Amino acid sequence: MSASDTDRPLAFDTLQIHGGAKPDPATGARQVPIYQSTAFVFRDAAHAASLFNLKEVGFIYSRLTNPTVAALQDRIAALEGGAGAVCCSSGHAAQIMALFPLMAPGCNVVVSTRLYGGTVTQMSQTIRRFGWSAKFVDFDDEAAVRAAIDDDTRAVFCESIANPGGYITDIPAIAAIAREAGLPLIVDNTSATPYLCRPIELGATLVVHSTTKYLTGNGTVTGGVVVDAGTFDWSASDKFPSLSAPEPAYHGLKFHETFGPAAFTFHGIAVGLRDLGMTMNPQGAHYTLMGIETLSLRMERHVANAIKVATWLEQDERVSFVSYAGLESSPYKDRVPTVCPKGAGALFTFGLKAGYEACVRLIDAVDIFSHVANLGDTRSLIIHSASTTHSQLTEDQQRAAGAGPEVVRVSIGIEDADDLIADLGQALAKAVG
Ligand SMILES: *Cc1c(COP(=O)(O)O)cnc(C)c1O
């Protein structure tokens with residue numbers, strides 16, 4: 001989609017509302033309808049055959065494709081600057097869907113040590129059941145990333161802004177390493193969103209999201225998406241036979257040769273969703289389409305509020321540190337202009353000098369902040385990782401993950417910043433005095 005009378009590409013603020021959507025051809029409905037239908041009637045037998053052969057693109061059965069979900073896929077692909085996108089049932093499903101066409105038993109993925117907690121478990125434990133493995137590396141150590149890549153590596157994986165500790169990945173540097181090795185770089189852009197960070201422009205091949213978070217933005221539905229840049233040459237080596245060679249799971253179709261830049265997306269639908277079944281439902285897609293319409297407005301406010309709250313916390317003598325790349329004090333602030341020029345997100349951690357017990361009292365004393373295991377909501381959220389999400393880890397492991405006993409994590413919402421500061425102020429007074 002481009003502006004009507006010129007070739008000028010549409011801006012983000014326009015695409016977040018119009019991308020992937022046009023008035024409903026059947027009714028003229030202006031908003032994308034919820035196509036709550038499992039199956040779609042074929043025009044005739046020839047139409048059915050050409051849909052099944054992927055000779056024609058259309059709707060067959062909602063495990064594979066659905067018009068409401070398709071609108072969301074097209075919109076997110078447009079916002080990320082990708083060639084195509086496949087929605088799925090959660091962010092974790094998206095990560096499996098991204099790896100699935102690339103991996104085989106014995107293959108590994110080189111991943112950053114700074115990842116969402118659930119992703120650490122998925123990569124370190126669960127994918128082993130598929131015969132895959134992950135090699136965890138400090139992505140600030142470029143030599144270590146290079147050294148970790150071996151003949152069985154099929155992808156490199158990191159987060160743009162990593163949870164929980166205000167870390168920003170040097171995406172251009174990591175993309176260069178992946179490119180030299182002939183491997184795709186997968187970036188989880190959940191905490192940044194395409195408004196703050198554009199991984200494909202920085203060299204990423206695939207972008208994954210938990211749409212559960214900022215893209216939906218209001219804490220209503222679980223979902224995920226895999227976006228493909230459409231730029232990777234899957235046929236340059238023999239490492240990606242599902243895409244470059246005849247795919248036995250689709251009667252020998254050669255996806256890359258047949259679909260070019262759309263190969264990964266077609267494979268994701270025709271094989272990934274068909275056989276793994278991690279499908280997004282149309283009702284969920286509708287909520288996310290609603291949420292995305294205001295993404296840029298929300299992210300601007302999230303970032304402005306996060307800077308205000310973090311700055312206030314940093315000068316408070318009861319606070320031992322604030323770890324947020326939006327602050328001058330952050331070791332990662334130099335990466336902001338390149339990696340996330342519109343801001344470092346709204347997720348950060350801070351420490352209380354008074355330690356574990358004071359953190360627990362703080363969490364119990366807040367009013368506006370909600371104590372939940374989530375992030376990226378319009379509402380401000382707070383959690384004490386050491387007593388919840390990271391309680392199964394040893395203290396050393398907690399510290400390595402940026403979630404030591406004295407650390408509190410917040411996801412700053414879009415309420416009034418002074419109200420948020422006042423709430424933390426009264427809670428700190430109760431927790432510490
Ligand atoms: C929440 C989250 C996930 C997992 O997403 P779900 O939708 O909960 O499956 C993955 N990565 C990041 C960065 C997240 O915040």
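The values are calculated or read from the model by the stated rules, or taken from the named source; none is laboratory data. Because the structure is predicted, anything quoted here is derived from the model rather than measured. Here the Cβ positions follow ideal geometry from the backbone for every residue, glycine too, while neighbour counts run over all protein chains shown. Just so you know, the surface numbers come from the protein's heavy atoms only, side chains and all, with ligands and any DNA or RNA stripped out. Shrake-Rupley method; radii C 1.70, N 1.55, O 1.52, S 1.80 Å.
Using the Cβ of Ala263 as centre and a radius below 11 Å, the other residues enclosed give a net charge of -3, where K and R count +1 and D and E count -1.
Accessible area per residue for the range 295-431, computed on protein heavy atoms with a 1.4 Å probe, is 43 Å². Once the Cα atoms of helix 295-314 and of the chain are each reduced to a long axis, what angle between those two axes, in degrees from 0 to 90 to the nearest 10, is obtained? So the inclination is approximately 20 degrees. Coupling constants for the range 161-176 follow from the phi torsions by the Karplus curve (6.51 cos²θ - 1.76 cosθ + 1.60, θ = phi - 60°), and in residue order they are 10, 9, 7, x, x, x, 9, 10, 7, 6, 4, x, 5, 5, 4, 5 Hz; glycine and proline get x.
Considering only alpha-carbon pairs that sit under 8 angstrom and 6 or more positions apart, the relative contact order computed for the chain is 16 percent.
Could you pull out the pairs from Lys55/Lys239; Lys213/Lys308; Lys135/Lys342; Lys213/Lys254 whose alpha carbons sit more than 29 Å apart here? Listed pairs above 29 Å: Lys135/Lys342; Lys213/Lys254. Size check on the chain: the Cα extents along the three principal axes, sorted descending, read 75, 53, 40 Å. The residue list Ala262, Leu15, Pro25 was ranked by how far each Cα lies along the charge dipole of the range 8-291 toward its positive end, using unit charges on Cβ atoms, and Pro25 comes out on top. 3J(HN,Hα) along the range 132-137, derived from phi through the Karplus expression 6.51 cos²θ - 1.76 cosθ + 1.60 where θ = phi - 60°, amounts to 9, 9, 10, 10, 8, 9 Hz, with x in place of Gly and Pro. Comparing Cα centroids, the range 409-433 and the range 35-67 end up 51 angstrom apart. Only beta bridges with both residues in the chain are counted; by DSSP, about 60 percent of them are antiparallel. Applied to the range 358-372, the Karplus parametrisation 6.51 cos²θ - 1.76 cosθ + 1.60 on θ = phi - 60° returns per-residue 3J(HN,Hα) values of 5, 4, 4, 5, 4, 4, 6, 9, 6, 10, 7, 5, 9, 8, 9 Hz, with x for Gly and Pro.
Under the definition of Cα pairs under 8 Å and six or more residues apart, what whole-number percent is the relative contact order of the range 147-233? With pairs under 8 Å counted, the relative contact order is 24 percent. The peptide list 217-225, 352-360, put in order of mean Cβ contacts within 10 Å with the highest first, becomes 217-225, 352-360. Centre-to-centre, using Cα atoms only, the range 186-222 and the range 95-139 are separated by 18 Å. Helix 282-292 axis versus longest C-alpha principal axis of the chain: approximately 60°, rounded to the nearest ten. Helical content alone sets the calculated 222 nm signal of the chain at -9500 deg cm²/dmol, taking -39,500 (n - 2.57) per DSSP H segment of four or more residues and averaging over every residue.
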